[in-house]
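Data first, discussion second: the structure below is written as structure tokens.
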Amino acid sequence: MKKRNKKIIIICEVIIILIISILSLLFINWRFIGFNIYEYQPDSTEGKDTYIKQSSNEINYGNVAILSIGKDSASGEFRSLIQFNTSSIPPGTILNAKLNLFVSYSSTMDNFTVKAYRLTSPWEELETTWSNKTSTMLWENGGGDYAEEIDSVLFSNLSSSYNFTITNTVRGWINGSYPNYGIILISTDAKTGERRELISSDSSNISYRPKLIIDYTSNAVPTIINISTNTNLTNFKYLGEQVVFDIDWEDLEGDEGALYICSSNKISISGCVDKTFCSTPYSNAKPLECSYTVDNSGSKITPFFVTVCDRSNCSEINKSYFYINRPPLISIIQPNGGEIIDQSQGEYLIKFNVSDVDNDNLSGKIYYGLTPNSTENVINSNLNLTQFCTDNDLLTSTKNNCSYSWDTSGLYGDYYLTIKVSDGLIENTNSSANPFYVRSISDPIPPEIFDFWTEEDIYSGKETYFYANVSDNLLVKKVWISINTTPLTNITLRDNFSQIYNGSWIASYFGSYQYKVYAEDLVGNVNDSLNWKSFFIRAPNISSQKADYPPIVLPYHTIKINGELNVNDSLRGVHAYLTIPGSFEFLQGYPQNSFLGDISYNSSKNVSWFLSAPINKGDYNFSIVYTDEYGDSWTSPNYTIKVDSDIGGGYQVSIEGYPEVQAGDFYYAEANFKNKGLNVNADEVKISIYDSIGNLIMGPVSMILKENGIYNYTYYIPLLQTTGKMEVRVNATKDLISYYANSFFNLVGALFDIRDINVINPVINKLNISVICENKGSNPTDLTLSWNLTRVDNGELLDSGGETFAVGSAPLEKYYSPSTNYVGQVKITFLGRYSKTETAGAFKIFSTTPRTEKVIHSERGEGINPIKEGIANLEMDVNKTVYLLRSTPKTVTLNVNNIGTINLTNLSLSLEGIDPLFYSIIPKRVSSLNVGESTSFDIKFLITAPIQELDFIYNLNSNELIKQKEGKIIILSTLDYLQREITRVYERVDYIKGKITEDKTKKELVVCSEMIEEAKDQINSEEYINAGEKIKEIDACLDKVMNSLEKGRNFDDSYLALIYLSLIIFSLIVLTIIIIVMFKRLNNRSEILDFLSNKENKKEFFENNSLKEKEFEKKIKSIENKLKD
């Protein structure tokens, strides 16, 4: 029973230890385990090892269970040879390779060194000796043929394991740099009689046999070998100079690397999160080099963080420093030119400011002379600025106000002041802007103002001149006028004529104003005695407005409306707004509110709009409103356009052309002019072509009449023409009425190559394939890549897809996940199109495999029911409806959570149903997303096409699954968009408000709410641009509040997790103690009861003690009753 209780105690303790171990494992961050381990420990059949002995040079020891190294009593050497079969090492990059050996015997107590060398000749385990490598072939040198030393290890006299690092040697065997003949172990410092015996593969001691241990990975991270810059503590770089970074690195796979030099350790595969000092594109250059131009940011000893990334992962982030020095800054306050210094007063106070970005200690020198930067006359050549400058914060990096008292007694003349300031390494100089005057004076009289005036006819936007007649008995320093605008406007007048000062001002808004003139002399006497004068600003005059438009148009027909504004007075910042019913659609590039700029007096300016007429017939009124930057406006008369399906005999024009053209090739287009469906000739048909950024590159030129009603034109597109989406416009006229049509074509660059198809995963529920797309031309160009998956046996199409994307100078690897349930031989085909025909293609035949399942085995080895390997699932969080303003960028964030039971790899996002020209996504790809983790994609929309609504699909792809979610884009007017944004930020405020507990955060949220009210006021005042900027500020404010909230929550969560873990561990310890004590008590109780119930024990006890038997029986009975109770 005692043994059984002990077993129970041991089992309970083991269970508790297992529970603690499992809880500990939950806190391990498994993301850091990124490599695999391969171990190979051959037995006597597979193993190949032996030793050779110099004094027995013809004896083979291949079947001996030990290996020997050292020297015998006659100083003859022992050397050991080992060779492993490396053909079974899994594919991948070898990170580390070790040879593990166990020393079982030492002949002496002394240590000696064992060195490993690479063997260069083949040998046979059961034939090799000191002289021979095989039974028929001698070593070139007795004792083995070997090359470079691989590693050395100090062997002690203890029986222990020893590891030799043989990484580069194994890599060489694997990559074929040299054949694998194994390794020879030699001691170069063993003394006579010093020998070590090692366990060989023939030993019965299985766990101690020689072992090859390999750490490998599918893609090793790049490694930074050395970091250097062209700066140090004795070689600073100065403002505007280049800091050059040289980073020596390697990548075991030979992949290209991109270098990032950042201001913080927040670096991802796409670059620096904070400031980027410099970076390089992907290349194989070694070292990688980039440079940074020193500016006023950073510190004298500036830390930087560096990493090198291949296209999958990044090296360890390294920290280093570069050394920069910026010159001190000097600003002279007085005398800075024009001052009159009364030398009879003796002391004059020189005032200046100094600062130093690097916060260095500063010293100075002060001079005066007849020219700027003159040092001919010294005021003070050793100025300790700490004594003459006020520095409340004890930092020279902030502005320090300095003053120095200068004795000007006996001086007379016109001089410049020069100040030099040094930080100990570099000196900077500044002089007064103009000469000052040292005189012996006494002048209490201010300048005299005889008269001042301005022009009679002033209108908004006119450059208006003000005049004043001023003189002084000594010298006038400054004349200026003040105008009672809000805020007050001050204009300095210049002395252009004798005593006549003048200055100009751009007249402001319509209304009545007042102005006043002031004058100051060099001594500082100011004349401000004159009264204010009034003047009036009127609105500018225009002479006429005109509009050119088709009075009758077809439904859905493109029309042109041209406006002309003729002015008498000059106008500034003119806009033209076409007021027309919303059923008319403005074409891309022709906004409803067009900016015309300034218009000079007695001139005119034209504005044009291209619109698509509505489908509904009827009369539609429109007008043109012109406004200047001062709020003056002029509205044209109302004009009427009739939309009818039967106009001008039913004339209409259409245009068709090549949908895609390569730069350096010809574009061909045909226009059809019809009347009620029949081709007729127009009076004239002209064509124009605009490039992808809206520039006119050809036309308007007349098209060639091909046959009745059909016109064509061929245009050669230059090789270096900007590629992208090109617009073609056609204007046909008939009986003085214009008819318009437009179309688009894609201009692409040079040839592509589609190559290197790689089947990453052939399992049907995880099918993943990659392909390389390469642009062999010089210009980044769009490529349309389509693919299809078919059966090999009957050609049945299993799945297909495609996308259009830009390919630059670097090859681009794309990933696709076809969907199929078919298991067998299939063919994946990729076709790349960049012009009228297929330009490149590739295919690959492979076999798909069934869904992955694994069998869990019991301890006895029987299989039990198959269990699926894991469930791939994720959650997408994004607004279904995206409200946008045309031609205005907006970023939408899509959040992704891995809610499955397996890790996801190679996640990428695309939008189906939207032209890729209208959006971009960052990041392009997320390499992995572990279970329970989250990531996000930022989608930047910029819609320029004339659309109102657009349905699309969010496509999220990984190697393990495809997830889709419906989306919708709605294009709003400016007012509706801003009001929608106000609603959105209000919703953000309500969401955050429900999570706030701290008063500090509540106050921060109040600030954000006040900003929303400011934005609403701006919208009501039609200050749409300012309102848009204010909403951006509101989002930044709310982001700041959310960050504060998250920091607090993370701290609380971490604190609670620590408390919970402590309670669990404490409870387990207490439970363990209770169980041990209980079983100990039960064990003692059982022993006593067993003893008492055994009569032999009683008899023996009675014989050895003086107690009487009856008394003994009585006491025993009492003890038994108590124990039973």
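Going through the range 913-930 one residue at a time, which ones are of a type in the set (A, V, I, L, M) and buried (at least 16 other Cβ atoms within 10 Å of the Cβ)?
Our first condition is that a residue be of a type in the set (A, V, I, L, M); within the range 913-930, this holds for 914, 917, 921-922, 926, 929.
914, 917, 921, 926, 929, listed by residue number.
So which residues in the range 530-540 are assigned to a loop (DSSP other than H, G, I, E, B) and touching a residue at least 24 places away in the same chain (Cβ under 8 Å)?
Those that are assigned to a loop (DSSP other than H, G, I, E, B) and touching a residue at least 24 places away in the same chain (Cβ under 8 Å): 530, 532, 539, 540.
Considering only the range 973-1013, how many residues are among the charged types (D, E, K, R) and under 22 Å from residue 883 (Cβ atoms)?
So the answer is 8.
Here is a yes/no grid of residues against (1) under 48 Å from the mean Cα position of the chain (by Cα); (2) outside the structural domain of residue 294 (by TED's automatic domain parsing); (3) hydrophobic (A, V, I, L, M, F, W, C):
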{"site": "365", "(1), (2), (3)": "yes, yes, no"}
{"site": "372", "(1), (2), (3)": "no, yes, no"}
{"site": "376", "(1), (2), (3)": "no, yes, no"}
{"site": "388", "(1), (2), (3)": "yes, yes, yes"}
{"site": "405", "(1), (2), (3)": "no, yes, no"}
{"site": "418", "(1), (2), (3)": "yes, yes, no"}
{"site": "431", "(1), (2), (3)": "yes, yes, no"}
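Kindly indicate which of 664, 631, 694 is on the phi > 0 side of the Ramachandran plot, in the same structural domain as residue 550 (by TED's automatic domain parsing) and either modelled with pLDDT under 85 or surrounded by fewer than 16 Cβ atoms within 10 Å (Cβ to Cβ) (or both). Even if it seems obvious, please write down each step before you answer.
Values: 664 fails: in the same structural domain as residue 550 (by TED's automatic domain parsing); 694 fails: in the same structural domain as residue 550 (by TED's automatic domain parsing).
Being on the phi > 0 side of the Ramachandran plot, in the same structural domain as residue 550 (by TED's automatic domain parsing) and either modelled with pLDDT under 85 or surrounded by fewer than 16 Cβ atoms within 10 Å (Cβ to Cβ) (or both) holds for just one of 664, 631, 694, which is 631.
Return the pair list, or none, for Cβ contacts closer than 6 Å from residues in the range 305-320 that are acidic (Asp, Glu) to residues that are in a strand (DSSP E or B), at least 6 apart or on different chains.
These pairs meet every condition: 310/257.
Could you give every pair whose Cβ atoms fall below 7 Å, whose first residue belongs to the range 499-511 and is more than 11 Å from residue 480 (Cα to Cα) and free of Cβ contacts under 8 Å to residues at least 60 places away in the same chain, and whose second residue is part of a loop (DSSP other than H, G, I, E, B) and among the basic types (Lys, Arg), counting only separations of at least 6 or pairs across chains?
Cβ pairs passing all conditions: 507/462.
Before we move on, is residue 543 surrounded by fewer than 16 Cβ atoms within 10 Å (Cβ to Cβ), over 25 Å from residue 654 (Cα atoms) and not charged (D, E, K, R)?
Yes.
Under 7 Å between Cβ atoms, at least 6 apart or on separate chains: pull out the pairs that start in the range 381-396 with a residue that is farther than 11 Å from residue 365 by Cβ and end on any residue that is of a type in the set (Asp, Glu) and surrounded by 10 or more Cβ atoms within 10 Å (Cβ to Cβ).
Close Cβ pairs satisfying both conditions: 396/356; 396/360.
Select from the range 976-1006 the residues that are closer than 21 Å to residue 1024 by Cα and surrounded by 13 or more Cβ atoms within 10 Å (Cβ to Cβ) and list them in ascending order.
Within the range 976-1006, 976, 977, 978, 979, 980, 981, 982, 984, 985, 986 qualify.
Does residue 196 satisfy being buried (at least 16 other Cβ atoms within 10 Å of the Cβ), touching a strand residue (DSSP E or B) at 6+ places or on another chain (Cβ under 8 Å) and outside any loop (DSSP other than H, G, I, E, B)?
Answer is yes for this residue.
Taking the range 54-81 on its own, how many of its residues are out of contact with any helix residue (DSSP H, G or I) (no Cβ under 8 Å at 6 or more places or on another chain) and aromatic (Phe, Trp, Tyr)?
Number satisfying all stated conditions: 1.
For the range 239-281, name all the residues that are hydroxyl-bearing (Ser, Thr, Tyr), surrounded by 16 or more Cβ atoms within 10 Å (Cβ to Cβ) and in contact with a Lys or Arg (Cβ under 8 Å, 6 or more places away or on another chain).
The one that is hydroxyl-bearing (Ser, Thr, Tyr), surrounded by 16 or more Cβ atoms within 10 Å (Cβ to Cβ) and in contact with a Lys or Arg (Cβ under 8 Å, 6 or more places away or on another chain): 263.
Counting only residues that are among the hydrophobic types (A, V, I, L, M, F, W, C), in a loop (DSSP other than H, G, I, E, B) and in contact with a helix residue (DSSP H, G or I) (Cβ under 9 Å, 6 or more places away or on another chain), how many does the range 82-141 have?
Of the residues in the range 82-141, 3 are among the hydrophobic types (A, V, I, L, M, F, W, C), in a loop (DSSP other than H, G, I, E, B) and in contact with a helix residue (DSSP H, G or I) (Cβ under 9 Å, 6 or more places away or on another chain).
Taking the range 793-823 as the search range and keeping residues that are within 24 Å of the chain's Cα centre (by Cα) and part of a loop (DSSP other than H, G, I, E, B), which one is surrounded by the most Cβ atoms within 10 Å (Cβ to Cβ)?
811
Of everything in the range 553-573, what is buried (at least 18 other Cβ atoms within 10 Å of the Cβ) and out of contact with any Phe, Trp or Tyr (no Cβ under 6 Å at 6 or more places or on another chain)? Give them in sequence order.
553, 554, 557, 559, 563, 567, 571, 572
Mind listing whichever residues of the range 594-617 are exposed (fewer than 12 other Cβ atoms within 10 Å of the Cβ) and either among the small types (Gly, Ala, Ser) or at pLDDT 85 or above (or both)? Don't jump to the end; show me each part of the working.
Taking the range 594-617 first, the residues exposed (fewer than 12 other Cβ atoms within 10 Å of the Cβ) are 595, 597, 600, 602, 615-616.
Matches in the range 594-617: 597, 600, 602.
Looking at 597, 573, which one is outside the structural domain of residue 1022 (by TED's automatic domain parsing), at positive phi, without any contact (Cβ under 8 Å) to a residue 40 or more places away in the chain and in a strand (DSSP E or B)?
597
Yes/no per residue for (1) of a type in the set (Val, Ile, Thr); (2) touching a residue at least 60 places away in the same chain (Cβ under 8 Å); (3) not assigned by TED's automatic domain parsing to the domain that holds residue 927:
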residue	(1), (2), (3)
117	no, yes, yes
120	yes, yes, yes
123	no, no, yes
129	yes, yes, yes
141	no, no, yes
161	no, yes, yes
170	yes, yes, yes
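Tell me, which residue of the range 55-88 that is aliphatic (A, V, I, L, M) and either touching a strand residue (DSSP E or B) at 6+ places or on another chain (Cβ under 6 Å) or closer than 16 Å to residue 142 by Cα (or both) is surrounded by the fewest Cβ atoms within 10 Å (Cβ to Cβ)?
59
Please identify the pairs in which a residue from the range 541-557 that is outside the structural domain of residue 459 (by TED's automatic domain parsing) and in contact (Cβ under 8 Å) with a residue 12 or more places away in the chain has its Cβ atom under 6 Å from the Cβ atom of a residue that is of a type in the set (A, V, I, L, M) and surrounded by fewer than 13 Cβ atoms within 10 Å (Cβ to Cβ), counting only partners at least 6 apart or on another chain.
Every condition considered, the pairs that remain are 555/615; 556/615.
Would you please name the residue that is nearest to residue 93 (Cα to Cα), looking only at residues in the range 199-225 that are loosely packed, with under 14 Cβ neighbours inside 10 Å and of a type outside the set (Ser, Thr, Tyr)?
Of everything passing the filter in the range 199-225, 225 is nearest to residue 93 (Cα to Cα).
Could you please give the count of residues in the range 119-167 that are more than 53 Å from the chain's Cα centre (by Cα) and under 22 Å from residue 191 (Cβ atoms)?
Here the count works out to 7.
Restricting to the range 286-339, give me the number of residues that are assigned to a strand (DSSP E or B) and among the polar types (S, T, N, Q).
Residues in the range 286-339 being assigned to a strand (DSSP E or B) and among the polar types (S, T, N, Q): 9 in total.
From 117, 146, which residue is under 21 Å from residue 59 (Cα atoms), surrounded by 14 or more Cβ atoms within 10 Å (Cβ to Cβ) and touching a strand residue (DSSP E or B) at 6+ places or on another chain (Cβ under 9 Å)?
Matching residue, one of 117, 146: 146.
Tell me yes or no: at least one residue of the range 345-355 is of a type in the set (A, V, I, L, M), within 16 Å of residue 334 (Cα to Cα) and either touching a Cys at 6+ places or on another chain (Cβ under 9 Å) or not assigned by TED's automatic domain parsing to the domain that holds residue 424 (or both).
In the first step, residues of the range 345-355 are kept if they are of a type in the set (A, V, I, L, M); the result is 349-350, 354.
Still in the running and within 16 Å of residue 334 (Cα to Cα): 349-350, 354.
Imposing the further condition that a residue be either touching a Cys at 6+ places or on another chain (Cβ under 9 Å) or not assigned by TED's automatic domain parsing to the domain that holds residue 424 (or both) reduces the set to 350, 354.
There is at least one residue in the range 345-355 that is of a type in the set (A, V, I, L, M), within 16 Å of residue 334 (Cα to Cα) and either touching a Cys at 6+ places or on another chain (Cβ under 9 Å) or not assigned by TED's automatic domain parsing to the domain that holds residue 424 (or both).
The values are calculated or read from the model by the stated rules, or taken from the named source; none is laboratory data. Bear in mind the structure is a predicted one, so any value in this text is a computation, not a measurement. All Cβ positions, even for glycine, are placed from backbone atoms using ideal geometry, and neighbour counts span all protein chains on display.
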